[in-house]
Structures are given as structure tokens and as C-alpha cells.
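Report on the structure given below.
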Amino acid sequence: MKLEIRKTSRSLTLLVAFAALITIATVASAAEHDASKYRMAVFVDSAYGDALVAGDFEQAIERLDADGGRFGAVNNLCVAYVMASDADNARAACDHAVKKSEKRLRHADSWIRQAYKRDAAIALTNRGVVLAVSGDLAGAQADFQRALDLRARLEEPEVNLVRVRSALANGQ
């Protein structure tokens, strides 16, 4: 599996090769769209991000599954399941991360609202990747667009949205 690592202030981006993720798709095939890569974000400063970066996805899943409650843990669990090619658990974890981030954002004070917008954008972007590789390009497009609408200044949703729109335009 090919990973490209780019550090950001609070997260680390994993560039995930589409060919490696195709094994997690329940209904997708390589012919469904021509996207070669999608980007996901994982928190490296907490929630066993170090295990994810090291490629120890099973250890990360075991630890994160036991942790489970914090947003960073739920988000990283989503990414760990994607990297471990477990589509069903990836979708459930990503859905949980989106719900948790949206709840935090609704109840956020103004001084922390921008950080929570960024977390919500990360969760939506990661779920969008799961949807895209599962063949739900319209759902992925919606998640990437919602992430961009949060104006969190992330590259990942924009890059992923371009790829999904291209696939949709090509009828895949």
C-alpha cells in the first residue's frame, strides 16, 4: 500500500492509493471511476495516530476500538478501518465521526468554532473517501462539498472533489 505523508498543524494526511482501497469496496470495481488517489486525514498527536503512520492498522484498531469516545479516536478508527480494507466497519466509524463532529460544532462556543469546523471537514472528507471507493460517487461528492463549505482551509476535500467530479463527468 502506498502512503504519502504530509504533516499539517494538527493532522497528518495520508494519500491513499485507489488500487489499495478497492479491496474495501462492497460494490465498486476499478471500472466504476478513474480516480487513482484519495486523501484522508488522521490526527497524529493523539488517538494512536503514531500506529497508523507506522502502518500498524490492526494495533490501532484494537486500541481505538477500546477508546472509542473521543472525536480524534473515532476519526482515526475510520481511517484505520479504511487502511485495513474493512469497508463495513470503516463506514460505521466514519458515520460516527461525522455525527460526533457535527454535534460538537452545533454546541461550540465562538472561540473554538473554527477548530470544530476543521474537525467536521476532516470527518466528512474521510467518509467521502469511503463512499467513493464503495461506488457511491454522488454521496462522496456531497460529503466533499459539505467539507469545503465549512471553509476549514483543507486541501483534502478539494482534491477529492475534483477526482469525484471527473469520474461523474466521465459517466463512471
The range 100-141: relative contact order from alpha carbon pairs under 8 Å, six or more residues apart, as a whole percent, is 29 percent
Filtering chymotrypsin sites (Phe, Trp or Tyr not before Pro) in the range 108-170 by DSSP loop and by at most 12 other Cβ atoms within 10 Å leaves TRP111
Note, the range 96-107: 3J(HN,Hα) by Karplus (6.51, -1.76, 1.60, θ = phi - 60°), whole Hz, Gly/Pro = x, goes 4, 4, 5, 4, 5, 5, 5, 5, 4, 5, 4, 9
Here, trypsin sites (Lys or Arg not before Pro) of the range 76-172 satisfying both criteria (DSSP loop; at most 12 other Cβ within 10 Å) are ARG151, ARG153
Karplus ³J(HN,Hα) for the range 137-148 (6.51 cos²θ - 1.76 cosθ + 1.60, θ = phi - 60°; Hz, whole; x = Gly/Pro) runs 5, 5, x, 5, 4, 4, 5, 5, 5, 4, 4, 5
Straight-line reach check, LYS37, cutoff 19 Å on alpha carbons, 8 or more apart in-chain or any other chain, hits among aspartates and glutamates -> GLU4, ASP86, ASP136, ASP143, GLU155, GLU156, GLU158
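Every read-out reported here was derived from the displayed coordinates using simple, explicitly stated rules and does not represent laboratory data. Keep in mind it's a predicted model, so treat the numbers as computed, not measured. Counting neighbours? That spans all protein chains shown, and the Cβs are built from the backbone with ideal geometry, glycine included.
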